[in-house]
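The values are calculated or read from the model by the stated rules, or taken from the named source; none is laboratory data. All values reported here derive from a predicted model rather than from experimental measurement. Glycine also receives a Cβ, built like all others from the backbone with ideal geometry; neighbour counts cover every protein chain displayed. Note: areas computed on protein heavy atoms with side chains; ligands, DNA, RNA excluded. Shrake-Rupley method; radii C 1.70, N 1.55, O 1.52, S 1.80 Å.
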Amino acid sequence: MTGGASLTAAVGVVQFTIYDAKDLKNSELVGNSDPYIKLRLGNRPDLAVTEVKNDTLNPVWNETNIILVNNLNEVVCMEIMDKDNLRKDRPLGQANFDLKSLEEDPIQDDVWCKVLRNGKERGAVRIRAAYFPVQQPKALEEGGELVPIESNSGILAINLAQAKDIARSGKTKSLCQISLNGRIIHTTRKMLGANPAWGADVDAFITDLAGSQFLVEVVSEGSVIGSYNVSGTQLLKDTADKTEWASLKGSEGTGKLKMTGIWKPILMGEDMNPVAHKPAFGVMRVQVVAGRDLRNVEIGGSSDPYVVIVGDKGVSRGCTKTIDSNLNPVWDEIFYVSVNSMRQVLEFETFDFQKMTKDRSLGKTSFKVSEVIEELPDKAGYKARPTFDRWEPLKQKDGSTKGDLHLVISFFPSHKLAQEATADAQAGVAPITAPLPEGTIYASRALDYDSGILVAHLTTGELDRSGTYCEFYVDSDTYQYKSQMQKSRTPKWNEVADLFVKELEYAKLTILVKEKSAMDKDLIVGTFSSNIRSLMETTPVEGGSFVVLDGASKRGSLQLRFEYFPVPIELLPKERLDNMGNMTVTLVRAKNLAAADRGGSSDPYVVFRVNDKEVFKSDVVKKSLDPDFNETFVTPIASRAEDIFTFEVFDWNQIAAAKSLGVGSLDLRSLQLVLPNTFDIPLKGKFNQGNVYLRVKFVPEFLSSNKRKSGFGATFLGGGVNLVGQAGAAGVGAMAGGVGAVGKGALNVTGAVGKGALDVTGAVGKGALDVTGAVGKGALDVTGAVGKGALKGVGAVGKGVFGGLAAGASAVGLNRRSDSTSQSKGSPPQSQGANVEQSITSMGPGQIVTEEEVLVLDLDRGGMSDPYVKVRLGDQTVLKTKVKKETLSPVWNESVVIPGNTSQPLRLVFSVKDHNKIGSDVDLGDCELDLWNYIQPGQGQNRSDFWATLAGSGGRLRLALEFEAGGSASSPVESRRSGLLSRK
């Protein structure tokens with residue numbers, strides 16, 4: 001906090017913030033450098049040193065220092081160093097900022113300073129510099145008396161002249177230390193004698209004069225021999241009253257100290273806070289279209305490219321899906337980025353996806369938001385420039401270019417909000433409304449707009465652990481904002497997140513609270529999730545407290561406040577939330593099929609495809625031209641506007657290849673949302689004969705991409721966010737009112753899929769109305785049509801239906817038959833998916849049976865894994881399942897019986913691993929559960945069936961727990977190979 005010349009010449013302060021750096025030169029042979037920055041003025045001694053950031057070439061600091069200056073003819077030098085614990089730290093380069101530029105533009109934000117070493121560019125450092133001059137007294141009228149400027153912030157010029165009679169002996173050698181609010185700001189040189197004359201001028205920058213407290217200590221041979229406490233305001237009063245000498249406490253003699261102060265006010269305001277929220281004034285639609293001629297880093301193949309969008313402070317703004325083995329990939333994905341500064345820069349970096357090692361960069365390019373935004377005169381607002389639509393070359397680490405990235409970027413300004421005059425309205429008089437400026441609406445109309453910027457103020461929290469931070473998601477598996485990590489269990493963030501909302505009616509805010517871990521993946525502590533419109537309508541203006549849940553367990557709370565600023569924008573059809581979701585298809589029957597066999601019959605079965613990829617294969621019905629199938633499956637639809645849904649009927653043959661009896665298709669754009677649709681579709685082909693009868697229900701829902709570098713998107717039902725089918729999400733996206741669960745029982749079973757729910761093929765029956773405990777038969781049909789009984793029990797399908805209707809339904813194929821007919825012998829196998837028919841096994845007293853299936857992240861080269869599960873109780877492995885080959889949706893149907901005592905905690909750790917024949921097995925994720933949070937025998941809840949989040953991968957593990965009390969608690973652990981999830 002010091003710098004410049006003596007206090008009498010100080011002309012102001014420069015607040016200097018170092019945000020982050022990018023593309024630093026690596027000086028390590030193994031791993032990356034550990035950079036930090038030494039800050040100084042010119043060639044003077046160091047003013048400050050930043051924190052060391054380990055193993056990164058793109059460090060983020062967000063550190064601020066105050067520099068006192070006597071003129072602006074100085075250069076701030078930032079020397080970037082690589083920390084080395086064994087040898088001398090090595091320089092990585094130096095970046096400079098000329099303070100002279102602050103004369104014309106006193107506050108400069110998001111400034112990139114080039115890092116140079118030996119004349120070569122070695123990255124860049126992003127800084128903020130703000131100059132605040134000392135305010136001189138001004139006359140109220142010409143020739144009048146000068147009036148000092150009133151300010152609680154400024155520079156206190158302290159003159160520590162001398163001390164006298166501090167010791168009985170004249171041989172005492174002493175120095176003086178001055179502390180401001182408990183921090184030492186100056187130490188004098190040592191002097192000999194009882195009356196040392198230090199003559200020290202001390203710079204003290206103070207943001208709150210009224211709250212400033214100084215401690216002056218005279219120190220001799222490590223001991224304090226005299227001290228003096230004084231506030232900043234008292235020191236100025238004593239100086240004005242010419243009370244120059246103050247008595248020292250604890251001195252050997254009658255010691256006194258001569259100290260005076262001069263106040264130099266500085267007007268700072270909100271500009272003094274570099275982390276103060278700058279309101280967003282619009283959003284950019286960023287479309288990553290395609291790449292061409294990308295760099296190939298693979299041997300014997302092609303790169304698997306994806307693109308990461310990085311914004312301010314190194315925050316990820318989006319990540320495309322990975323395209324396998326393609327140097328000319330087409331992504332055509334859309335992202336939205338809030339804009340709050342004309343200096344904002346977006347960086348697009350293309351990577352090659354690696355399953356076992358670190359992903360490799362294929363090049364990067366940057367984009368300045370000022371290319372699509374124009375600021376209106378007199379800061380009246382902003383308007384859009386023509387859309388940016390170009391192929392941008394990708395810059396490599398050596399400075400060359402290889403490959404291009406096609407970007408389409410456009411800007412949409414947000415509306416300003418005006419408050420209505422309420423005095424007349426309260427008096428019963430209609431207010432006189434003046435015409436509003438263009439781009440301004442009344443605040444009461446804000447929620448009439450579907451799209452806008454949700455401003456979430458994260459102030460404080462109360463959590464059950466320290467070292468936490470928050471990630472904010474809005475209908476995406478990429479967070480829009482990430483808070484700073486706080487070490488306290490009562491964190492004080494005081495941060496603001498600007499989050500773009502595409503469709504207010506259906507959008508869901510999800511906040512993941514994570515614990516910083518020394519491992520590669522930080523653990524999810526808990527989740528808060530809610531429909532955004534409901535939040536805006538029910539949350540007080542001053543904000544409120546919101547519970548953070550982990551399954552059924554409360555992990556703490558967050559204090560949040562919300563604002564909403566509309567953005568007039570027309571969404572493209574393919575990006576609307578009702579364009580994607582899960583489609584439940586019931587193959588009811590076929591009629592009048594062609595006879596393919598000599599006996600005048602056929603053995604038909606049906607294959608369903610989405611974009612030519614098989615998603616379901618029915619059973620064979622022997623010797624029938626009018627087969628009844630009654631089979632149901634669920635398939636994810638990424639885009640109703642673009643996906644092609646087809647099916648083909650075959651005649652099964654035991655020896656020869658199956659013969660096609662005809663094909664059919666369904667235009668997904670014609671589907672009614674949520675409600676049941678029925679179709680009688682004629683078959684086309686060689687015979688042009690027959691019809692297939694389908695019952696289809698489409699539930700709009702956000703779908704994660706199924707393969708990302710980040711590990712999100714392990715399933716189609718929420719991936720890394722993992723909200724669907726958990727108690728953490730229960731009550732936030734079910735059917736009625738946008739917030740609230742489907743029946744009381746839904747809350748009690750932590751998102752479990754009950755037997756009755758899975759057996760119901762058609763409409764939800766009246767049983768839904770009678771459910772008050774665990775989900776029973778007919779309580780919730782997550783895949784069938786929403787029937788009359790459901791509407792009566794929970795209200796009309798309304799806001800937030802997209803948040804959780806598909807609880808527990810696997811998007812990779814939920815296969816079931818409505819009757820008990822077994823699969824015909826020799827018929828083709830069904831598509832792989834989650835088994836849903838259940839049989840309850842008998843259990844011994846005082847025992848808990850656990851069984852599992854899982855949805856995991858692909859890890860092998862072919863896009864599959866060989867997963868198995870290890871279950872641990874303390875240090876003991878109580879179950880190790882079989883390895884399931886080449887699948888992302890394994891079904892084990894294995895169980896273990898565990899002795900249990902309800903008076904003691906019972907925690908199990910489930911670890912999912914990918915089996916490798918060569919090399920060690922790879923972790924796919926794990927979860928630790930306290931079983932008494934899911935089954936509560938004392939309240940009659942002895943059974944629970946739910947999906948558990950796998951920390952570290954974004955996958956989910958389905959578990960079934962059951963307890964029967966009354967037996968021995970010392971029964972041995974027993975493994976089983978069949979049970980709750982076995983096929984019939």
Worksheet entry | Considering residues of the range 159-175 that are over 15 Å from TRP245 (Cβ atoms) and in contact with a Ser or Thr (Cβ under 8 Å, 6 or more places away or on another chain) only, the residue surrounded by the fewest Cβ atoms within 10 Å (Cβ to Cβ) | LYS173
Item to complete: Write out, first by first residue and then by second, each pair whose Cβ atoms fall under 7 Å of each other, whose residues are 6+ apart or on separate chains, and whose first residue, in the range 923-942, is farther than 15 Å from LYS913 by Cα and at pLDDT below 75 while the second is open to solvent by less than 40 Å² (accessible area, probe 1.4 Å) and in a strand (DSSP E or B).
Response: ASN933/SER553; TYR934/SER944; TYR934/PHE946; TYR934/LEU961; PRO937/PHE963
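Here is a yes/no grid of residues against (1) closer than 20 Å to PRO279 by Cβ; (2) open to solvent by less than 70 Å² (accessible area, probe 1.4 Å); (3) at pLDDT 90 or above; (4) of a type outside the set (Gly, Ala, Ser):
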| position | (1), (2), (3), (4) |
| --- | --- |
| GLN344 | yes, yes, no, yes |
| GLU349 | no, yes, yes, yes |
| THR357 | no, no, no, yes |
| GLU374 | yes, yes, yes, yes |
| LYS383 | yes, no, yes, yes |
| PRO386 | no, no, yes, yes |
| PRO393 | no, yes, yes, yes |
Discussion item. Going residue by residue through the range 227-240, is there one that turns out to be polar (S, T, N, Q) and within 27 Å of THR172 (Cα to Cα)?
Written reply: yes
Worksheet entry | Only listed residue being part of a strand (DSSP E or B), modelled with pLDDT under 85 and surrounded by 16 or more Cβ atoms within 10 Å (Cβ to Cβ), chosen from GLY261, GLY226, GLY318, GLY291 | GLY318
Worksheet, complete the sentence: Checked SER366, SER361, SER303 against criteria (under 30 Å from ALA497 (Cα atoms), under 29 Å from the mean Cα position of the chain (by Cα), open to solvent by less than 50 Å² (accessible area, probe 1.4 Å) and polar (S, T, N, Q)); the one match is SER361
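Counting only residues that are assigned to a loop (DSSP other than H, G, I, E, B) and either closer than 17 Å to THR365 by Cα or touching a strand residue (DSSP E or B) at 6+ places or on another chain (Cβ under 9 Å) (or both), which one in the range 325-342 is most open to solvent (accessible area, probe 1.4 Å)? Break it down into steps so the answer makes sense when it comes.
Pass one, the range 325-342, residues assigned to a loop (DSSP other than H, G, I, E, B): 325-329, 340-342.
Checking which are either closer than 17 Å to THR365 by Cα or touching a strand residue (DSSP E or B) at 6+ places or on another chain (Cβ under 9 Å) (or both) leaves us with 326-329, 340-342.
Values: ASN326: 50, LEU327: 43, ASN328: 90, PRO329: 0, ASN340: 46, SER341: 17, MET342: 55 Å².
So, considering only residues that are assigned to a loop (DSSP other than H, G, I, E, B) and either closer than 17 Å to THR365 by Cα or touching a strand residue (DSSP E or B) at 6+ places or on another chain (Cβ under 9 Å) (or both), the one most open to solvent (accessible area, probe 1.4 Å) is ASN328.
Considering only the range 592-640, state which residues are touching a helix residue (DSSP H, G or I) at 6+ places or on another chain (Cβ under 6 Å) and either of a type in the set (Lys, Arg) or buried (at least 22 other Cβ atoms within 10 Å of the Cβ) (or both). Walk me through it before giving the result.
Going through the range 592-640, the residues touching a helix residue (DSSP H, G or I) at 6+ places or on another chain (Cβ under 6 Å) turn out to be 639-640.
Selection gives ARG640 alone.
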Worksheet, complete the sentence: Here the residues within the range 196-223 that are over 54 Å from the mean Cα position of the chain (by Cα) and in a strand (DSSP E or B) are SER220
Worksheet, complete the sentence: Filtering strands (runs of 3 or more DSSP E) wholly in the range 495-574 for at least 2 residues that are in contact with a His (Cβ under 7 Å, 6 or more places away or on another chain), closer than 30 Å to TRP932 by Cβ and open to solvent by less than 30 Å² (accessible area, probe 1.4 Å) gives none
Response to the item:
Per the filter on the range 210-229, residues within 26 Å of LEU68 (Cα to Cα) and free of Cβ contacts under 8 Å to residues at least 24 places away in the same chain are ASN229
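How many residues, within the range 651-664, are open to solvent by less than 30 Å² (accessible area, probe 1.4 Å) and closer than 23 Å to VAL696 by Cα? Quick ask: steps written out before the conclusion?
So in the range 651-664, the residues open to solvent by less than 30 Å² (accessible area, probe 1.4 Å) come out as 651, 661-662, 664.
When the remaining residues are screened for being closer than 23 Å to VAL696 by Cα, the result is 661-662, 664.
Here the count works out to 3.
Could you check how many residues of the range 349-365 are part of a strand (DSSP E or B) and in contact with a Phe, Trp or Tyr (Cβ under 7 Å, 6 or more places away or on another chain)?
Residues of the range 349-365 that are part of a strand (DSSP E or B), as a first pass: 349-352, 360-365.
Within this subset, residues satisfying the condition of being in contact with a Phe, Trp or Tyr (Cβ under 7 Å, 6 or more places away or on another chain) are 351, 360-362, 364-365.
Of the residues in the range 349-365, 6 are part of a strand (DSSP E or B) and in contact with a Phe, Trp or Tyr (Cβ under 7 Å, 6 or more places away or on another chain).
Does ALA638 count as closer than 30 Å to GLY581 by Cβ and of a type in the set (A, V, I, L, M)?
yes
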Discussion item. Based on this model, can you work out whether SER545 counts as among the small types (Gly, Ala, Ser) and farther than 23 Å from GLY452 by Cβ?
Written reply: yes
Worksheet item: For the range 534-548, how many residues are within 20 Å of the chain's Cα centre (by Cα) and not small (Gly, Ala, Ser)?
Response: 4
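Please work out if ARG122 is open to solvent by 40 Å² or more (accessible area, probe 1.4 Å) and touching a residue at least 60 places away in the same chain (Cβ under 8 Å). Before the answer, list the steps.
Details: open to solvent by 40 Å² or more (accessible area, probe 1.4 Å): yes; touching a residue at least 60 places away in the same chain (Cβ under 8 Å): yes.
For ARG122, the condition - open to solvent by 40 Å² or more (accessible area, probe 1.4 Å) and touching a residue at least 60 places away in the same chain (Cβ under 8 Å) - is met.
Restricting to the range 451-477, name every residue that is among the acidic types (Asp, Glu) and in contact with a Cys (Cβ under 9 Å, 6 or more places away or on another chain).
Restricting attention to the range 451-477, the residues satisfying the condition of being among the acidic types (Asp, Glu) are 462, 464, 471, 475, 477.
The one that is among the acidic types (Asp, Glu) and in contact with a Cys (Cβ under 9 Å, 6 or more places away or on another chain): ASP477.
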Practice prompt. Taking the options GLY439, GLY467, name whichever one is on the phi > 0 side of the Ramachandran plot, more than 30 Å from the chain's Cα centre (by Cα) and at pLDDT 80 or above.
Written response: GLY439
Response to the item:
Residue hits (the range 906-929; open to solvent by less than 50 Å² (accessible area, probe 1.4 Å) and β-branched (Val, Ile, Thr)) are VAL909, VAL912, VAL922
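Among the residues of the range 641-650, what is the count of those that are of a type in the set (A, V, I, L, M) and open to solvent by 60 Å² or more (accessible area, probe 1.4 Å)?
In the first step, residues of the range 641-650 are kept if they are of a type in the set (A, V, I, L, M); the result is 641, 644, 649.
Retained after the next criterion (residues that are open to solvent by 60 Å² or more (accessible area, probe 1.4 Å)): 644.
The number of residues fulfilling the criteria is 1.
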Item to complete: Examine the range 668-691 for a residue that is open to solvent by 40 Å² or more (accessible area, probe 1.4 Å) and acidic (Asp, Glu), and state whether such a residue exists.
Response: yes
Practice prompt. Of the conditions (1) in a strand (DSSP E or B); (2) open to solvent by less than 80 Å² (accessible area, probe 1.4 Å), THR239 clears all except one; give me its number.
Written response: (1)
Practice prompt. Specify the residue that is surrounded by the fewest Cβ atoms within 10 Å (Cβ to Cβ); the eligible residues are those in the range 200-220 that are within 15 Å of GLY182 (Cα to Cα) and of a type in the set (Gly, Ala, Ser).
Written response: GLY211
